[in-house]
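Visitor: To start, I am sharing the structure in question, which I have written as structure tokens.
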Amino acid sequence: MSPAEDQGTDTLCLVCGDKCFGKHYGAYTCHGCSRFFQRVVLNTKRVKPCRLNKTCVMTKEKRIVCRYCRYQKCLSIGMKPGAVDLNKRDTNRKRPKAGDVVPERIFAQHRGNMPNEAGSVSITNSPSGSALATMENKPKDALNPVIQFLLNTEHQLNNVFDYFESHQRENWPKVDVPLDVAVRNLSLVSDRFKLNFEPRRVANYLDLRENIRRCFVLFIDWANMIDEFRMLSPDDQVELIKSRHTPYAWWYTSRRGIESNCQGVILCNGSYVPVKKDTSQLNDATNVTTQLQYDVIEPTRKMELDNAEFCLLKAICFFNTENSKISEDGKKIISAAQNKYINALYDYLRLRLSASDAAMRLGELMLLLSPLTTLSFLMNENVQLAVTLGTSHWDKFLLDIYRN
């Protein structure tokens, strides 16, 4: 139940006119409307466009007819999405089992160059990196320091890589190790080869596995640069890594696919998985590619996210307390971090939008993250099916990532 104020007040719901007994999320609403508002913000209830040109009348009897107009009415009377406790989600769904592992190390010099394990470090200014470091129509001094840090981090990680000649990369050791060993030493997972998000060829299984390994290293490098992540205990760090790696990867590759105008799922090695099955070299039994395209990529493309919104949503997606194996102290840190980035996103939207429009866009942006968990489980089913049928080889490390 949503938090309420002034419980002794007997008045009418400002949304539908039903009886209410106090304020919920900043406005006088009934329990039905406050619960509806909570579910929308928590991404458990979809809000589809209004079919009646946004003219629906909100009454107790008709409030369930149009979710769009009901949510708009909630915002117009002053209900605040930021007041919703974003950790009140359904925790009964199955989650990946956790192993007793720790990250490779805290990212030393997290505001400097990437630590190099084998080979020199090269930094270039690629088009994608330059774009991520530049805000559209916003002077740098107008940016929240939180946003500026995330933008700088994104730019840095996209342009730092291990320099190898081609023959050296071919001889890079491909070690088949479980996740608990790999996380301690990222050099066993993949070298930090230069990211290439140009859809030049259709991906095969080798391309897919290489992409997963490289994105995992990128994910750990990014996490180790975030202050709140370094505040967690080693065990909590690993629990968060294991439960949020795949949603992070889907969100990251979706953004890169939009930038490259790829008709499918872009990979970081110059290959892509096409939407059309008859042109794909991969067996996608659960239609992950199609669902990612239509549930995440296309809605994100239509909303025209800028780089600040993308980076903030990535942090919001990452700091999630649904993993029950995270300690109570860890959950407090994660929850505070998520609220911090949600507030930063809302403040950023308010720089260019009215309060009601900013709240509406915030809700729509949060809805983009909703399908990522479902897609993660579908990918897991794909991998398990491929292993069962023997259609492709997945080593111990990759199986640990996608194991329920």
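Visitor: Can you report the number of residues in the stretch 39-62 which are closer than 17 Å to residue 14 by Cβ, modelled with pLDDT under 85 and either loosely packed, with under 12 Cβ neighbours inside 10 Å or touching a Cys at 6+ places or on another chain (Cβ under 6 Å) (or both)?
Guide: 3
Visitor: Only helices (runs of 4 or more DSSP H) wholly contained in the stretch 206-307 count here; list those with 1 or more residues that are closer than 17 Å to residue 375 by Cβ.
Guide: Output list reads 234-259, 288-292, 298-303.
Visitor: Here's a follow-up. Consider residue 267 carefully, then state whether it is closer than 20 Å to residue 202 by Cβ, at pLDDT 90 or above and in contact with an Asp or Glu (Cβ under 9 Å, 6 or more places away or on another chain).
Guide: yes
Visitor: OK, next. Looking only at the stretch 319-340, which residues are hydroxyl-bearing (Ser, Thr, Tyr) and either surrounded by fewer than 20 Cβ atoms within 10 Å (Cβ to Cβ) or at pLDDT 95 or above (or both)?
Guide: 324, 327, 335
Visitor: Among the listed residues 181, 177, which satisfies the condition of being part of a loop (DSSP other than H, G, I, E, B) and modelled with pLDDT under 85?
Guide: Every option except 177 fails the conditions.
Visitor: Just to be sure, is residue 108 crowded, with 17+ Cβ neighbours inside 10 Å and at pLDDT below 50?
Guide: Considered against the rule, which asks whether it is crowded, with 17+ Cβ neighbours inside 10 Å and at pLDDT below 50, residue 108 comes out as no.
Visitor: Could you grab me the full set of residues in the stretch 1-19 that are at pLDDT below 85 and either surrounded by 15 or more Cβ atoms within 10 Å (Cβ to Cβ) or in contact with a His (Cβ under 6 Å, 6 or more places away or on another chain) (or both)?
Guide: 2, 4
Visitor: Could you grab the pairs with beta carbons closer than 6 Å, sequence gap of 6+ or different chains, first residue in the stretch 217-241 and touching a residue at least 24 places away in the same chain (Cβ under 8 Å) and within 16 Å of residue 184 (Cβ to Cβ), second one among the aromatic types (Phe, Trp, Tyr) and not in a helix (DSSP H, G or I)?
Guide: 224/107
Visitor: Residue 177 is checked against (1) surrounded by fewer than 21 Cβ atoms within 10 Å (Cβ to Cβ); (2) under 19 Å from residue 296 (Cβ atoms) and fails just one. What number does that condition carry?
Guide: (2)
Visitor: Of these, 209, 214, 200, 230, which one is in contact with a helix residue (DSSP H, G or I) (Cβ under 9 Å, 6 or more places away or on another chain), in the same structural domain as residue 380 (by TED's automatic domain parsing) and under 28 Å from residue 272 (Cα atoms)?
Guide: Of 209, 214, 200, 230, the one residue that is in contact with a helix residue (DSSP H, G or I) (Cβ under 9 Å, 6 or more places away or on another chain), in the same structural domain as residue 380 (by TED's automatic domain parsing) and under 28 Å from residue 272 (Cα atoms) is 209.
The values are calculated or read from the model by the stated rules, or taken from the named source; none is laboratory data. Bear in mind that the values here come from a model prediction, so they are computed numbers and not experimental data. Don't worry about glycine lacking a Cβ; one is built from the backbone with ideal geometry, like all the others, and counts go over all protein chains shown.
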